[in-house]
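Student: Let me give you the structure first, and then I'll get to my questions.
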Amino acid sequence: MRRELDPPTIGPHSILETVETRAFSVTYRAERKELGRTVLLRTLRPTVPLSSPYAAELVREAAILGRLEHPGIVRLYDFVHTAEALYLVLEDARGP
């Protein structure tokens, strides 16, 4: 009998699919099962050091999104910045 593998995770989120891959970052659609919520996770590519200027840009993006609230702007739910990880947890707003 073959056991199905668990999906990869980032923190408490299970990755469902890759939404966008850029030069220095990757955006995933992920699920937080305990909350029953699908979110977007924007994180650095594994090859980009957390001490890089690209990481600083992700920190800056989180600071800006954390201050904004508007129906036309994706909401920032959480921001994780530790010695091992750096990612934004964003609203999964589909559509135009």
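Student: Would you check which residues across the stretch 15-51 are of a type in the set (D, E, K, R) and not in a loop (DSSP other than H, G, I, E, B) and list them?
Tutor: Passing the criteria: GLU17, GLU20, ARG29, GLU31, ARG32, ARG37, ARG42.
Student: Looking at the stretch 74-96, which of its residues are open to solvent by less than 60 Å² (accessible area, probe 1.4 Å) and among the aliphatic types (A, V, I, L, M)?
Tutor: Across the stretch 74-96, the qualifying residues are VAL74, LEU76, VAL80, ALA85, LEU86, LEU88, VAL89, LEU90, ALA93.
Student: Do you know which residues across the stretch 1-14 are farther than 17 Å from GLU91 by Cβ and either in a strand (DSSP E or B) or modelled with pLDDT of 95 or more (or both)?
Tutor: THR9, SER14
Student: Let me ask something else about it. For the list (1) open to solvent by 70 Å² or more (accessible area, probe 1.4 Å); (2) not in a helix (DSSP H, G or I), I need the number of the one condition that TYR54 fails.
Tutor: (2)
Student: Same structure, new question: When ILE64 is evaluated against the numbered criteria (1) closer than 23 Å to ALA23 by Cβ; (2) more than 15 Å from the chain's Cα centre (by Cα); (3) among the aliphatic types (A, V, I, L, M); (4) not in a helix (DSSP H, G or I), which criterion, by number, is the only one it fails?
Tutor: (4)
Matching residues to (1) closer than 15 Å to ASP92 by Cα; (2) among the polar types (S, T, N, Q); (3) open to solvent by 60 Å² or more (accessible area, probe 1.4 Å):
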position	(1), (2), (3)
GLU17	yes, no, yes
GLU20	yes, no, yes
SER25	no, yes, no
LYS33	yes, no, yes
GLY36	yes, no, yes
ARG42	yes, no, no
PRO46	no, no, yes
LEU58	no, no, no
LEU68	no, no, yes
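Student: Which count do you get for residues in the stretch 28-59 that are polar (S, T, N, Q) and touching a residue at least 40 places away in the same chain (Cβ under 8 Å)?
Tutor: Final tally of qualifying residues: 2.
The values are calculated or read from the model by the stated rules, or taken from the named source; none is laboratory data. In this text the structure is predicted, and so the values were computed from the model without any measurement. Because the Cβ atoms are built from the backbone with ideal geometry, glycine has one as well, and the counts that use them run over all protein chains shown. These area figures cover heavy atoms from the full protein model, side chains too; ligands, DNA and RNA do not enter into them. Shrake-Rupley method; radii C 1.70, N 1.55, O 1.52, S 1.80 Å.
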